[in-house]
Structure formats: structure tokens, C-alpha cells
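Derivation of every value follows stated rules applied to the coordinates shown; laboratory data play no part. Given the structure is predicted, the values throughout are model-derived calculations rather than measurements. When we count neighbours, we look across all protein chains shown, and the Cβ atoms used for this are built from the backbone with ideal geometry, even at glycine.
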Amino acid sequence: MLVVGAGPAGTAFALLLARAGVPVQLVESQRQHQRLLRGDGLMPSGLEALQRMGLAPLLANLPQRQLAGWSFYLKGQPLFSVAEPMGSPAPCTLIDTAALLNGMLEQALACPSFSFLPGKAVDRLLIEPETAAPPPPAGPVGDSQAGDSRVKGVVLEDGSELSADLVVACDGRGSRLRRQAQLERQEEATGLEVLWFELDAAAAALLQPWLAQRFVTLIGEESSYALFGTAQGGVRVGWLQQRGGEGGEQGGSEGSEEGDGPSAATPWPERWARSSPPALAALWRSLPAASLRPPLRFAIRPGLAPGWERPGLLLLGDGAHPMSPLRAQGLNMALRDALVAAEQLLPLLVPPAAASAASTSSSSNANANANASANGDRPAPDQQLHQLDAALVAVRRLRLPEISKVQALQRQELSRAELLRRLPILRRLLAATARWSGPLLARRWLAGQPTLRSGLPLPKRPA
């Protein structure tokens, strides 16, 4: 088994297989987990997945910050606030995702059947036969076609080859392996992007008392932004703007709204102050520009691949369904992908008794599971490959309803925000009637939260 990408989906999936004694290699192009672009909002849906993986004890030892609630401001005045946990078993919790990944990786490294290859970029898929024509288009529901050539491994950028009966591609929203496998992805061009800023320690300490452990969204005349405290005690700001606007790694021209946006020379704290209530505006204006790290640009381009598989290959996480960077869904959906995929595949890779034990065991059981696997009855190689390929289709079918529903709710929230951004008259009307419109908007916002927070029911483990 070969897993490409050591993000949440890839690391969790590799750990679950390694704990069961399945030989698995995890390949990662980076030597260290990248910060900031990792989602760090753990919803009850993600917590449920970690608990079912047996990783709740690991989570207890990570840096984390539980949210007290969500607050929305319009033109500097309160619109509505909702307290956590909104009827869920647990509140939304901000975690140190890099620490979570390192903890899972440490457990996987304790398993004899696991190997980790950091700093190894994948160049291309190995497809058998190499001279085969490109695979035919996926069927109406994205099922792999019987005539598809089989993926048998990958070629690294240094020219070395890694062979595997199954390659699980968890290589992110720009997945090279997805493109090479010709698995089309339907993408939504929103025309919007987020600039993510992180404040230095002194600035974060100044803002934390006002935040009071809330996730705050502020909508003003010029734009809107989100503000929240991180698990490490910092503060992060997400500024929503037209794609290609000023700021971020790529620079570009200023994307002002309706001709009255701030000029490129306006300091960022001043821009945020103009959309803030008086107390927060005063805090922003007290900060020097040096308080901010350079922002990172993140396009809002959610998408969905109708087919996640072809013989010998499975897509998981953002490679199959890139989520919007808003509303903390990427981490949670990736963990649930990994859980469902492992539960569907383990019965084919180890005897049923060992697979059941692996779903809740610690890494100390890896040797026992490996011995059980070695002594168990296995189908003929060709039959096992056929069964694996059928299981890949089952993984996608089990995950698509939840992914589609969550993306639809994200799309709905973004369209409402975009409507407010484009219509000054609507902003002014809502601000003038906040006393009455706020509670109505709160009820409408709350209607979509059960699924965004807890997802759909997870499928039962295979018998």
C-alpha cells in the first residue's frame, strides 16, 4: 500500500492500516508540516472520526482552544451571536493541526509495517501497461471502467519507482496524481479569495480579551473579514476580497469594491478598523504595521471529482473534493474520508477479527495484527485486486452524500456573504433594522449548522 501526502487524510489513513499490520509507505514532498494553510477547526464531525480511530487520547495532549461562540457584526454594530456548543456533544475546537499530524505519525512509526519517506516528491503514476491508451471517461456515476489500465505505483522526482497494489492519493487540492489519472474535477469559480494574516504575540495578546474565545465575522462597507484566536495563543485574520486583489504572496492590483475600497497604501489594521465596532477599531489602530506577518493568498475554489478511483488508485481529501477555506471543513472531511476508506479496505487486507481490533487498537497491537494477517486466508491475487477496486467505488459512494451536502451548505453561506458584499443598500437596511433582522438571520444561519458541525451519520463498520 502506498499513500501519497502526509496531510490529515493521508496520515490518518496510513496509521489505521499500519496499526493493523498492513505494509504501508507514506510519501510526503515536504520535510515539515506547513503551517497556516492547514485547517485547524475541529468540528464534532472530526472529533467523532478521531474517537472512532482510537485517537481521542492523542487529541487530549495537543494545544487547543475551545470556541465559546460565534459573533457577527455589520457596519460596526452587533448583528447576532450564538454560543457553543449549539446542541452538539462538544464545541468547535481550534487545534494545532501540525501537532496532531506529528502525533499520528509518531504512532505510525512505531508500527513495523510502516515506512515514511519525507521530502520525496512524486513525479508521475506508474500505469500498467505503460503503453496503454488513456483510460476512457468515467461512467455516469464516476465508476471505474472495466477496460481501465491499472495504476501499479509511482515514480519519484529522483527517478526511483515505488510499486504498490493500491496508491491512495492525498496530495491536496492541486493533486498531480488526480490529473494524471484523468479523473475530472468539477470546480466552482467564485472569483473570491481569502488573505490569511497572523499577528505577532504582542498584538495577539492585546486582541484576545476582546475576542473572548469567539469566532468573529465583521462585514463592513469595504469588505468583510473573520477574526479568531489560534490554539497556540495567536490571532488569525481572514480578509475576503475579489481574486487578484492587493496583498498576499502574488501581489496584484487592488480589488476595491464599487470604486470606494481602500487604497493600496492603507495599512491593513486601518482597513479592518473601518469594518469594526469602536472598541475593536481602537485596538486595530493602536497596532504597528510590523505586528502582521505577510499574508498568504488562498483562492476560494471548492470542487468535486465525480470519480475518485480507477484500478489501483483512490483519491481522498482535497484531491477528491477541495473544500472552501471558510467554515473549517477541510480537516474534518479529510479525517472522515480516511476513517471510512480504512474501514472498507481493512477487511480485504487482514482477517475480519484483526481488522475489527485495529479500528480501536493502539500501535502496541501492530505485531499481533500483523501475525494474524500473515496466518489468515487470502483470496488469489487477481481476485483480491478486483475486490480492492470494488471497495474503492464503495468508499466514494459512502462519502459523496456528506461531501455534497456540506459543500452545498458552504456554497449557501458564501452566496449570502457575497450578496451582502455586492449590495450596499442591503447592508444599510440590515444594519438599520439589526434589532429585528439579527434574530431572523441567526435562525437562518443556525438551520445549516447541524450538518456543518456533525456531518451525516457515519456508515457502520463492515461486518
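Roughly how many whole Å is it from the C-alpha centroid of the stretch 440-463 to that of the stretch 413-427?
24
Once both labels are modelled 7 Å past Cα along the beta-carbon direction, what's the ALA390-ALA463 spacing in nm?
Result: 1.5 nm between the two label points.
If R0 is 30 Å, what FRET efficiency do you get for ALA201 and ALA265 from their C-beta distance, rounded to 0.05? The partial results should precede the final answer.
On the way: r = 27 Å, r/R0 = 0.90.
About 0.65, to the nearest 0.05.
How much length is gained if the chain between ARG411 and ARG243 is pulled fully straight, taking 0.36 nm per residue apart and subtracting their Cα-Cα distance, in nm to one decimal?
Numbers: separation 168, 0.36 × 168 = 60.48 nm, distance 1.69 nm.
Working it through step by step, the gained length comes to 58.8 nm.
Give me the extension gain from VAL155 to ALA90: residue separation times 0.36 nm, minus the current Cα-Cα distance, reported in nm with one decimal.
Working: separation 65, 0.36 × 65 = 23.40 nm, distance 4.31 nm.
Extra length from VAL155 to ALA90 when fully extended: 19.1 nm.
FRET efficiency for GLN32 and ALA83, Cβ-Cβ distance as r, R0 = 30 Å, nearest 0.05? Write out the running numbers ahead of the final one.
Working: r = 37 Å, r/R0 = 1.23.
That gives a FRET efficiency of 0.25.
Suppose R0 equals 35 Å. What FRET efficiency, 1/(1 + (r/R0)^6) with r the Cβ-Cβ distance, do TRP436 and ALA189 give to the nearest 0.05? Working shown, then result.
Details: r = 36 Å, r/R0 = 1.02.
Working from the Cβ atoms, E equals 0.45.
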